[in-house]
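The values are calculated or read from the model by the stated rules, or taken from the named source; none is laboratory data. Just so you know, these numbers come straight off a predicted model, no measurement behind them. We place every Cβ from the backbone using ideal geometry, glycine too, and count neighbours over all the protein chains shown. Surface accessibility is based on the protein's heavy atoms, side chains included, excluding ligands, DNA and RNA. Shrake-Rupley method; radii C 1.70, N 1.55, O 1.52, S 1.80 Å.
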Amino acid sequence: MWSVGAIAMYASGTMASAQFLPPGTTDVPIPRTGECGQEGPATYVYRMSQEQPNDYFPHICSKMGGAEVRFNNPCAWSHGQAQMTGAHFTNMCKGATRMIHWHNEADEWGFVSKGRLMTFVSSPDGLPWPSSTNILEPRGVWYFPSGWLHGLLCITPEEQGGCEFTIVFASPIAAEPNGHNLDTTLAQADNDVAATALGISLATYEASRPAFGRAEHSVHFSNSNMTAPIVTAVTPDACEPECPRIHETVAAPAAVQSIVEQRVVLPGTRGITLYRIRTDQFPFSRTMSQERTMLAPGAVRPMVWTTADSFFMVVSGTVTVSLQGGILGKEAHLKFANETLKQGDVAYFPNGRAYWFREATGKSTAETINVFNVGVWKSIELSQAVTEMPEIVVMSNLHQAHLAKPFAPVYV
């Protein structure tokens with residue numbers, strides 16, 4: 001028996017939307033152990049910009065120096081217990097693809113730093129669409145759920161600077177062990193099974209398999225004997241003079257431009273602006289979200305902690321980051337302060353640990369993103385929360401007889 005309210009919801013489309021767009025996650029996922037044996041160094045930063053590429057493709061986008069991919073090593077920070085990992089793609093250009101693949105235990109969030117990027121993902125059950133295909137400009141983002149087949153294609157030419165983008169995974173496991181690429185998946189299958197999956201005849205499949213068959217023995221991180229490259233280039237004429245036009249998905253898309261961001265200016269601060277994307281702004285993204293920060297020269301992002309783990313990256317400029325409290329109980333009250341990070345470097349902020357950061361040079365601007373492993377996170381801004389505490393208790397806690405203008409805004 002349907003209620004009047006249920007009938008109204010159905011008529012308005014609310015119920016139909018709720019069926020395939022569950023509300024954003026408000027609780028942090030149960031921590032997983034990953035593959036590091038819960039062991040690793042007591043650092044919460046990873047200077048990815050100083051690392052050699054894990055994957056290098058000198059013949060793809062060669063005028064830019066060759067496509068490069070850097071993954072952060074989950075065993076090289078946060079005691080091997082960070083619940084998020086990432087990858088940074090540089091020197092991509094028109095026709096360069098991130099091979100079609102899926103992740104068995106990781107939702108994926110992506111951020112475009114430069115260029116125009118095509119994103120595509122297919123739904124396992126046809127909802128909310130059979131597939132979502134979109135083209136993102138700089139600062140656009142995407143979200144792909146765990147298990148959904150997806151891929152990427154840069155459509156900006158080398159002479160225009162190509163593409164640069166960052167992928168963040170809601171998983172403690174490094175991206176590649178957690179990913180399943182199209183070539184390896186098919187090469188490891190029986191020929192008739194693979195042919196059926198591609199919808200082609202057995203004879204046609206057997207004739208084409210030698211081109212990718214060595215991917216049966218998957219080797220990713222090797223520049224000498226790589227058998228399963230994660231970056232490939234389309235045929236020379238496929239994107240000339242332009243890549244094929246697409247009909248972009250507009251209803252509950254899996255990728256959105258930065259226009260959806262919610263702009264936030266914190267009271268009592270100068271020189272910082274926050275741009276937030278939660279499930280409310282990006283309905284398809286149910287388990288991940290983002291806060292982008294623009295900092296004027298010398299500006300400080302005030303102390304905050306959140307109800308989620310987060311993966312922090314410097315998009316441009318130089319910043320210093322500080323964290324109050326690490327993952328382990330014995331580190332819960334330690335200070336990890338003033339780590340200088342440059343463009344492409346990353347940090348990990350555990351759930352419920354206070355952090356703050358600032359533009360480091362005093363002369364230039366900086367831009368950062370913070371990606372969370374929930375769809376709807378909450379920020380506890382200390383400068384605001386403390387004003388709701390009884391003044392006499394605050395004075396007692398700080399061993400003061402009185403405070404001059406104790407709650408006056410502090411401009412930074």
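Couple of notes before you dig in:
- Per-region count, region 305-328, residues at pLDDT below 95, surrounded by fewer than 22 Cβ atoms within 10 Å (Cβ to Cβ) and assigned to a loop (DSSP other than H, G, I, E, B): 3
- Only one of A189, A170 that is modelled with pLDDT under 95 and over 19 Å from A233 (Cα atoms): A170
- Per-region count, region 329-344, residues of a type in the set (D, E, K, R), in contact (Cβ under 8 Å) with a residue 60 or more places away in the chain and either crowded, with 17+ Cβ neighbours inside 10 Å or out of contact with any helix residue (DSSP H, G or I) (no Cβ under 9 Å at 6 or more places or on another chain) (or both): 2
- Test result for A347, open to solvent by less than 10 Å² (accessible area, probe 1.4 Å), within 24 Å of F111 (Cα to Cα), touching a residue at least 12 places away in the same chain (Cβ under 8 Å) and touching a Gly at 6+ places or on another chain (Cβ under 6 Å): no
- Being at pLDDT 95 or above and of a type in the set (S, T, N, Q) is a condition met by no residue of region 211-219.
- Scanning region 33-62 for residues that are closer than 22 Å to Q81 by Cα and part of a loop (DSSP other than H, G, I, E, B) yields a total of 15.
- Strands (runs of 3 or more DSSP E) lying entirely in region 68-123 (those with 1 or more residues that are closer than 25 Å to I30 by Cα and open to solvent by 20 Å² or more (accessible area, probe 1.4 Å)): 96-103
- Qualifying residues in region 133-154 (those that are buried (at least 21 other Cβ atoms within 10 Å of the Cβ) and among the aliphatic types (A, V, I, L, M)) - the one farthest from G95 (Cα to Cα): V141
- Scanning region 27-81 for residues that are acidic (D, E) and under 22 Å from the mean Cα position of the chain (by Cα) yields D27, E35, E51, D55, E68.
- Total residues in region 37-67, condition under 22 Å from T320 (Cα atoms) and surrounded by fewer than 16 Cβ atoms within 10 Å (Cβ to Cβ): 4
- Pairs, first farther than 22 Å from G268 by Cα in region 385-404, second surrounded by 11 or more Cβ atoms within 10 Å (Cβ to Cβ), C-beta under 6 Å, six or more apart: none
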